[in-house]
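Peer 1: Can you keep this structure in mind? I'll have questions shortly.
The values are calculated or read from the model by the stated rules, or taken from the named source; none is laboratory data. Every value quoted in this text rests on a predicted model; they were computed, and no experiment measured them. Because the Cβ atoms are built from the backbone with ideal geometry, glycine has one as well, and the counts that use them run over all protein chains shown.
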Amino acid sequence: MTLVITAFAAVAATVAWYATAPRNQYRLSVLALMYWGAVLMWTVDGIVEVIGGGAFIDVSDPAVVFDDAMLGMVVVLTGLIVWVVTLLIKDPKHVFKHLFAA
């Protein structure tokens, strides 16, 4: 479930980045790359589970599905927080530059 949630976030970030690609003012490429990195991580984790005899995505227990869904939401939220901090540091609209220039 974590893989599914992160993949949806990665696709959404990629579509948003592609729609604003010529300027990339809000650095959506950073957000998309973070999410695609997480998708790659969860995919490798699933492959290792299959090699070990488990299921790629375990949906047998509702508690496990809920825990995986919460982990996916935490990963997406953490990616958003890191992206916002990156955006504030880069200051693409020069808001802080003008604010503190006085």
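Peer 1: Count, please, the residues in region 68-86 that happen to be farther than 17 Å from A10 by Cβ and at pLDDT 95 or above.
Peer 2: Of the residues in that region, 1 qualify.
Peer 1: Going by what's in this entry, would A16 be described as small (G, A, S), surrounded by fewer than 18 Cβ atoms within 10 Å (Cβ to Cβ) and in contact with a Leu (Cβ under 8 Å, 6 or more places away or on another chain)?
Peer 2: Numbers: small (G, A, S): yes; surrounded by fewer than 18 Cβ atoms within 10 Å (Cβ to Cβ): yes; in contact with a Leu (Cβ under 8 Å, 6 or more places away or on another chain): yes.
For A16, the condition - small (G, A, S), surrounded by fewer than 18 Cβ atoms within 10 Å (Cβ to Cβ) and in contact with a Leu (Cβ under 8 Å, 6 or more places away or on another chain) - is met.
Peer 1: Quick one: in region 60-88, of everything that is touching a residue at least 12 places away in the same chain (Cβ under 8 Å) and more than 17 Å from M41 (Cα to Cα), which residue is surrounded by the most Cβ atoms within 10 Å (Cβ to Cβ)? Walk me through how you get there before you give the answer.
Peer 2: In the first step, residues of region 60-88 are kept if they are touching a residue at least 12 places away in the same chain (Cβ under 8 Å); the result is 65, 68-69, 71-73, 75-76, 79-80, 82-83, 86-87.
If we keep only those that are more than 17 Å from M41 (Cα to Cα) too, we end up with 65, 80, 82-83, 86-87.
Values: V65: 14, L80: 15, V82: 13, W83: 19, T86: 13, L87: 17.
Within region 60-88, the match that is surrounded by the most Cβ atoms within 10 Å (Cβ to Cβ) is W83.
Peer 1: Name, by its number, the condition in (1) closer than 27 Å to V65 by Cα; (2) surrounded by 14 or more Cβ atoms within 10 Å (Cβ to Cβ); (3) over 9 Å from the mean Cα position of the chain (by Cα) that does not hold for S29.
Peer 2: Evaluating S29 over (1) closer than 27 Å to V65 by Cα; (2) surrounded by 14 or more Cβ atoms within 10 Å (Cβ to Cβ); (3) over 9 Å from the mean Cα position of the chain (by Cα) leaves (1) as the failure.
Peer 1: Of these, I89, I47, which one is modelled with pLDDT of 85 or more and either within 20 Å of A7 (Cα to Cα) or not in a helix (DSSP H, G or I) (or both)?
Peer 2: When all the criteria are applied, what remains is I47.
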